[in-house]
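The values are calculated or read from the model by the stated rules, or taken from the named source; none is laboratory data. Only a predicted model underlies this, so the values are computations on that prediction, with no experimental measurement involved. Neighbour counts run over all protein chains shown; Cβ positions are idealised from the backbone, glycine included.
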Amino acid sequence: MGHALAGQFPVDHSARLLRNYRYAAERSMRALGGWIALTPELPAKLLLGRHVWDLAQHADAFGRRLPELRAQAQTSEPPNERFVAFMDALEEPEQPHQTVERLVGVYRVLKPHVLSVYLDHLERANPVYEPPTRRILLRCIEDERRHIAAGAVILGHLARTPAQRERASVWQGRLEGLVTVAGGVTGDGLPPSRPPAAPAALELGDDAREWIRLAEGVTVWPMPDDLRAAVASFGVALVARDEAELGRWLAPGVVRDEAALATLGASVFDRHDVVAVSRVGRQCLVKLRLEGPAVLVTVLTRWAPGDAGWRVAALEVASADAGRPHLPRR
């Protein structure tokens, strides 16, 4: 009969694992926190903000457990340089139009891997003399399941075109290759594969669908009636790629990013929507979203009042997912 207190993790090995876990939690916490300001989509911004706090709690719990394992408190340690390279790659997407890549790295690669490692550790940790570690793992497992489920909802909302889904798949494959080469978060290799768990209930605290409804809930943005009519006509012209009608709404000397605008005209759009409005003095900033079967483009416009009514004083393409089409030039 085996000894009741015999476990698979010596104290020094347990401490090393917790330093590895803390490294992943701390780095992902810092990445998510930095991405909040870079992410224009409100549902993704709220997702990142919610999970930064949870990851901070995970890092703190692992760090406070370390002195009980005769190790220095609040210390992080990567398993090897290859895992550092994986985390460096995960943090690469910093452009506003790379929200899909940011979420894929965290919610399709890092968190599912970390969850499998926590589950494997929990199964092998001795319940007699490792209850503090087991309690920490149980809390982290619950959080990671919720995070993954919420991330899947937001990614499904954002990656709506074939091009976006292809980008997500390619990026996921690259990062999965890197984490495999690194031997995972502990450097000891990936845990044995297991049947996928049932999806976590979002009602436990990650209101991903509510965040999407919040972002889409404003159907009538506050603006003067004459500006609203002008924006509507301008949006129709963008969808139709009507060069003459577009020109009617452009103010003399309009500030345009010609290289970016040249990408609009080759795509087919079905609709346009106003997704944000803000006032800057007498002028008004209006963000339009153009959607088509295979493309999603965000256009930023700055409208200025004048003798001829409201006209576009500045125009640029903020993001274009799919083939980078172009706008006819005047």
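Yes/no per residue for (1) out of contact with any Leu (no Cβ under 6 Å at 6 or more places or on another chain); (2) over 30 Å from K287 (Cα atoms); (3) at pLDDT below 95:
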| residue | (1), (2), (3) |
| --- | --- |
| L5 | yes, yes, yes |
| F9 | yes, yes, yes |
| D12 | yes, yes, yes |
| A15 | no, yes, no |
| Y23 | yes, yes, no |
| L32 | no, no, no |
| I36 | no, no, yes |
| P40 | yes, no, yes |
| P43 | yes, no, yes |
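Residues of segment 123-135 include at least one that is surrounded by fewer than 19 Cβ atoms within 10 Å (Cβ to Cβ) and in contact with a Gly (Cβ under 6 Å, 6 or more places away or on another chain). Select from segment 49-75 the residues that are part of a helix (DSSP H, G or I) and among the basic types (K, R) and write down the one among them that is farthest from R135 (Cα to Cα). Filtering segment 49-75 for residues that are part of a helix (DSSP H, G or I) and among the basic types (K, R), the one farthest from R135 (Cα to Cα) comes out as R50.
I'd like to know if segment 59-75 contains one or more residues that are within 30 Å of S169 (Cα to Cα) and surrounded by fewer than 21 Cβ atoms within 10 Å (Cβ to Cβ). Among the residues of segment 59-75, not one is within 30 Å of S169 (Cα to Cα) and surrounded by fewer than 21 Cβ atoms within 10 Å (Cβ to Cβ), which makes the answer no. Whether a residue is surrounded by 14 or more Cβ atoms within 10 Å (Cβ to Cβ), closer than 16 Å to T301 by Cβ and at pLDDT 80 or above was assessed, and A232 does not pass this test.
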